[in-house]
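Peer 1: Handing you this structure, nothing more for now.
Please treat every number below as a calculation from the coordinates, not as lab data. This is a predicted model, so every value here is computed, not measured. Heads up, the Cβs are rebuilt from the backbone with ideal geometry, glycines too, and the neighbour counts pull from every protein chain shown.
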Amino acid sequence: MTQTLFKPGHTACAGCGQAVGARLVIDTAGKNTMIANNTGCLEVFSTKYPESAWCVPWIHSLFENCSAVASGIEAGLKYLGKKDAINVIAQAGDGGTADIGLQAISGMFERGHDVLYVCYDNEAYMNTGIQRSGLTPTLTNTTTSPSGAGSLGNPRPKKPMPEIAAAHGIPYVATASVGYPQDVQKKVKKALSIKGPKYIQMHVPCPLGWRHESNMTFDVAKLAVETGLYPLFEYEYGKLIPRKIAKIKPVEEYLKVQGRFKHLLKNPDAVKQVQAIADYNIQKYGLNAEA
Amino acid sequence: MKQFVEGSHAIAEIVKRCRPGVVSAYPITPQTHIVEGLAQMVADKELNAQFVNVESEHSAASVVLGAQATGVRTYTATSSQGLLLMAEVVFNIAGLRLPVVMTTANRAVSAPINIWNDQQDVMTVRDSGWVLLFAETIQEAVDLHLQAYRIGEDPRVMLPVMVNMDGFILTHGMEVVDMPSQEEVDKFVTPYSTTYKLDVDNPLTMGYLADPDYYIEIRYMVQQTHQELLTIIPEVAAQFKRQFKRGEGNGLIEGYHLEDAEQVFVAMGSVCGTIRDSVDEFRSKGKKAGLLKIASYRPFPKNEIVKALSRAREVAVVDKSISLGGFGPLYTDLSAAVSSMGAKAPKVSGFVIGLGGRDITLQSIQEVYECLSGKQVDCEFIGLKKELLAEAK
Ligand SMILES: Cc1ncc(C[n+]2csc(CCOP(=O)(O)OP(=O)(O)O)c2C)c(N)n1
Ligand code: SF4
Ligand SMILES: [Mg+2]
């Protein structure tokens with residue numbers, strides 16, 4: 001990886017996990033790649049006219065339609081007889097994926113387009129100021145699910161987006177974390193080697209929205225995985241392959257470094273509730289290396 | 001070759017001959033026969049195209065957007081609610097300067113739900129930057145599709161073009177159509193070729209974020225292209241006329257008995273046929289009536305209209321749509337156009353007619369005509385059933 005296809009000089013916040021994640025993806029995919037990008041932080045900070053960070057063909061249309069635009073790109077390339085030589089990637093934030101973009105993604109999966117979809121999951125609508133999305137975790141403080149005398153933050157669990165993707169019968173689904181760059185590269189490579197629709201959901205800390213130190217991005221990302229709150233796994237042709245955790249950590253370690261969970265720390269029941277989510281994940285995906 | 005065909009079938013045939021590489025659409029009455037026809041042609045290997053069956057019109061428009069961005073000619077068609085659902089993408093296609101061609105089978109909009117014809121649907125995307133053409137007959141709809149690809153893909157233009165044809169009246173009507181052969185079409189619509197595309201050897205970024213330092217100029221450039229279209233559309237129409245030996249008007253407007261007309265109807269689409277018959281009747285009674293047909297609604301051919309109305313005393317704008325709370329959209333545009341005529345401007349009245357498929361008869365046009373001699377009206381609904389209104393009170 002000598003030369004990056006995602007030039008620095010964009011306007012992302014310091015420590016933005018999504019900026020690192022996006023570079024990892026495109027540098028792994030290589031120059032024979034076309035990207036359709038939904039509206040969101042990534043699009044905004046990478047393509048402020050007349051500058052663009054992208055050294056591959058890249059198109060932004062709207063907030064919710066990158067999967068349909070990518071379907072069109074794929075169809076165009078097929079018509080031109082060029083599809084086999086070119087990767088098509090659709091990418092978006094968690095809101096553009098799990099909420100407003102869900103119908104278009106489902107259509108793209110069901111039609112079987114040869115497209116890799118990458119969701120950069122920073123667990124809220126960051127571009128518009130940290131509002132909750134369908135992928136915001138339980139009890140997170142966001143600007144539209146604030147904590148208060150009658151609220152502990154977002155009352156609902158994360159939408160099981162990887163399972164929703166897998167339920168379409170697509171050949172490859174994976175979760176990843178920017179805290180594990182080699183794992184990301186491995187999964188992107190594997191995904192691109194498979195024909196058909198693929199889905200990768202990558203956890204990407206957002207220092208602004210999560211209120212953690214901007215030099216803590218990788219540590220926060222790793223803690224999410226090590227606590228079991230962000231399980232890493234693949235569904236290869238429907239078969240579950242977990243990435244095991246060598247030493248599972250209690251969720252407090254993850255919660256205490258982020259302002260968005262600060263309101264939970266003085267509430268043992270709330271912490272217990274979050275620990276139960278981690279325990280469930282560990283059991284469901286078989287994450288415990290010692291078990 | 002002359003054929004007696006259904007409008008939708010004729011459109012599918014002509015679109016096939018324009019050789020789109022990607023077709024994507026979602027079913028809605030009365031557009032369905034067009035895309036079913038194309039699907040069958042792809043299935044029969046008569047048309048070498050990717051036919052993408054999407055889950056919504058929003059995605060149909062997005063698919064043709066993406067495909068067109070790879071430098072491939074595309075086609076889609078919709079109607080009414082489908083166009084409204086597409087609206088966000090419709091604006092985007094124009095803003096991205098992608099010369100998609102779309103047929104709109106014009107239909108009323110909900111609520112109440114109504115599948116019959118009027119032109120309220122297209123008016124919801126009037127301001128999107130698309131070239132908006134209106135067909136009066138099935139033949140004209142066929143011919144406009146050929147011109148649509150030529151106009152939109154012209155390197156001076158690079159904008160999407162919508163061919164509007166009245167739902168059912170034209171889409172399901174039968175007419176003898178002179179169907180251009182594949183060779184003739186190939187001569188007129190040459191392969192699409194552009195450097196403005198997604199290309200791994202020349203990676204472009206499309207769809208930037210433009211801040212206040214840049215945005216207004218980019219929008220102004222679309223407006224400027226529409227000004228240039230006022231000469232480009234007549235060029236294409238003239239070439240069409242030369243090659244195919246048919247076509248009235250100059251591609252922007254068309255007159256019928258306009259030379260000495262004192263009372264002029266202004267209208268778009270199939271209603272112009274009914275108005276022609278009315279004009280004949282008025283003329284037979286010695287009345288100097290005429291018709292000004294608007295073929296291109298965007299760009300709006302202001303100067304041609306002013307010229308065409310220079311002798312008119314009374315103008316009746318017949319809108320098949322309504323900007324609720326305002327006026328008929330064509331009335332508003334036409335009033336703006338004639339305002340430059342100063343004291344010589346004719347008296348312009350506005351009429352709303354035929355919403356939701358209400359029959360437009362010679363009697364309806366007669367009613368409009370009678371209003372003209374009275375005081376000016378700006379939004380007169382024609383043919384309302386007084387008893388229904390009274391009941392609702
Ligand atoms: C139809 C539509 N609704 C709302 C918006 C406003 N909007 C733009 S980006 C965004 C949030 C993006 O959130 P996400 O997809 O999670 O990406 P992030 O910015 O967090 O990376 C919203 C709500 C829009 N652009 N279009
Ligand atoms: S708000 Fe978050 S996601 Fe957006 S640029 Fe800043 S750090 Fe990155
Ligand atoms: Mg987000």
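Peer 1: Averaged over A:25-38, how many beta carbons belonging to a partner chain fall within 10 Å of each residue's beta carbon?
Peer 2: Whole-number average of other-chain Cβ neighbours for A:25-38 is 2.
Peer 1: Separate question: Mind jotting down the distance between the C-alpha centroids of the stretch A:228-258 and the stretch B:274-320, whole Å?
Peer 2: That distance is 72 Å.
Peer 1: Under a Cβ-only charge scheme (Lys and Arg +1, Asp and Glu -1), can you give me the dipole magnitude of the stretch B:253-392 about the Cα centre, in debye to the nearest 20?
Peer 2: 360
Peer 1: What is the spin-label model distance, in nm, from B:Lys385 to B:Val42 if the labels are put 7 Å beyond Cα along the C-beta direction?
Peer 2: Rounded to a tenth, the inter-label distance reads 4.2 nm.
Peer 1: Sticking with this one: Between B:Pro346, B:Pro27, B:Pro203, which gets the highest mean-square fluctuation from a Gaussian network model of chain B, Cα cutoff 10 Å?
Peer 2: B:Pro203
Peer 1: Cut-off under 18 Å on the C-alpha distance; same-chain residues fewer than 8 positions from B:Lys245 excluded. Which lysines are left, in chain and number order?
Peer 2: Within the straight-line cut-off, B:Lys245 pairs with B:Lys2, B:Lys187.
Peer 1: For A:Lys247 paired with A:Leu265, estimate the spin-label separation in nm (one decimal), with each label point 7 Å from Cα along the Cα-to-Cβ line.
Peer 2: About 2.2 nm separates the two model spin labels.
Peer 1: For every helix of n ≥ 4 consecutive DSSP H residues, a contribution of -39,500 (n - 2.57) applies; sum these over chain B, divide by its total residues, and give [θ] at 222 nm rounded to the nearest 500 deg cm²/dmol.
Peer 2: -12500 deg cm²/dmol
Peer 1: Take B:Asp127 and B:Glu248, extend 7 Å from each Cα along the Cα→Cβ direction, and tell me the distance between the two endpoints in nm.
Peer 2: In this crude spin-label approximation the distance works out to 3.4 nm.
Peer 1: Provide B:Met41, B:Met165, B:Met268, B:Met1 in ascending order of the number of other Cβ atoms located within 10 Å of each residue's Cβ, fewest first.
Peer 2: B:Met1, B:Met41, B:Met268, B:Met165
Peer 1: Also, quick follow-up: Would you pull out the residues with amide H under 5 Å of A:Ala174's amide H, same chain only if 5 or more places away, H placed 1.01 Å from N?
Peer 2: Answer set, sorted by chain and number: A:Tyr199, A:Ile200, A:Gln201, A:Tyr235.
Peer 1: Which entries in the list A:Lys198/A:Lys256; A:Lys190/A:Lys256; A:Lys158/A:Lys249; A:Lys48/A:Lys284 go over 31 Å, if you measure between the two C-alpha atoms of each?
Peer 2: Violating the 31 Å Cα-Cα cut-off are A:Lys198/A:Lys256; A:Lys190/A:Lys256; A:Lys48/A:Lys284.
Peer 1: Projected area of chain B, taken from the Cα convex hull and averaged over every viewing direction, in nm²?
Peer 2: 21.2
Peer 1: By average Cβ neighbour count within 10 Å, what is the ranking of A:190-202, A:141-153 from highest down?
Peer 2: So the order, starting with the most tightly packed, is A:190-202, A:141-153.
Peer 1: Stretched out fully, how many nm does the piece from B:Asp260 to B:Glu370 gain, at 0.36 nm a residue minus the Cα gap?
Peer 2: Residue separation times 0.36 nm, minus the Cα-Cα distance, leaves 37.7 nm.
Peer 1: Counting each DSSP H run of 4 or more residues in chain A as -39500 (n - 2.57), what helix-only mean residue ellipticity at 222 nm follows after dividing by all residues, to the nearest 500 deg cm²/dmol?
Peer 2: The helix contribution divided over chain A gives -10000 deg cm²/dmol.
Peer 1: Let me ask something additional. Given a cut-off of 30 Å, name the pairs among A:Lys82/A:Lys186; A:Lys7/A:Lys244; A:Lys7/A:Lys262; A:Lys82/A:Lys189; B:Lys197/B:Lys241 whose C-alpha atoms lie farther apart than that in the structure shown.
Peer 2: A:Lys7/A:Lys244; A:Lys7/A:Lys262; B:Lys197/B:Lys241
Peer 1: Roughly what angle does helix B:57-69 make with the longest principal axis of chain B, taking Cα atoms, 0 to 90 degrees, to the nearest 10?
Peer 2: Once rounded, one gets 60 degrees.
Peer 1: Okay, next question. Using the crude model of +1 on Lys and Arg Cβ and -1 on Asp and Glu Cβ, and no other charge, please compute the dipole size for the stretch A:17-285 relative to its Cα centre, in debye to 20.
Peer 2: 380
Peer 1: Can I ask one more? What FRET efficiency comes out for the pair B:Val377/A:Lys195, r = Cβ-Cβ distance, R0 = 60 Å, nearest 0.05?
Peer 2: Computed FRET efficiency for B:Val377 and A:Lys195: 0.40.
Peer 1: Then there's this: What percent of all Cα-Cα pairs in the protein assembly as shown falls in each 20 Å bin, counting up from 0?
Peer 2: Spelled out per bin, shortest first, that is 18, 43, 28, 11, 1, 0.
Peer 1: Quick one: in the stretch B:253-392, what % of C-alpha pairs are over 25 Å apart?
Peer 2: Value for the stretch B:253-392 (Cα pairs over 25 Å): 20 percent.
Peer 1: Given springs between every Cα pair under 10 Å in a Gaussian network model of chain B, which of B:Asp199, B:Asp154, B:Asp260 has the largest fluctuation?
Peer 2: Per the Cα network of chain B with a 10 Å cutoff, B:Asp199 tops the list.
Peer 1: Something else: Given the options B:Gln182, B:Phe91, B:Thr231, identify the residue whose Cα lies farthest towards the positive end of the charge dipole of the protein assembly as shown (+1 on Cβ of Lys, Arg; -1 on Cβ of Asp, Glu).
Peer 2: B:Phe91
Peer 1: Would you work out the charge dipole size for the protein assembly as shown about its Cα centre, treating the Cβ of every Lys and Arg as +1 and the Cβ of every Asp and Glu as -1, and quote it to the nearest 20 debye?
Peer 2: 1360
Peer 1: In sequence order, what are the phi-derived ³J(HN,Hα) couplings for the stretch B:257-268 according to the Karplus relation 6.51 cos²θ - 1.76 cosθ + 1.60 with θ = phi - 60°, rounded to whole Hz, with x for glycine and proline?
Peer 2: Per-residue couplings from phi come out as 6, 7, 2, 10, 5, 9, 10, 10, 8, 10, 7, 9 Hz.
Peer 1: Under a cut-off of 16 Å between alpha-carbon atoms, report the aspartates and glutamates in cross-link reach of B:Lys307, not counting same-chain residues fewer than 8 places apart.
Peer 2: B:Glu254, B:Glu259, B:Asp260, B:Glu262, B:Asp333
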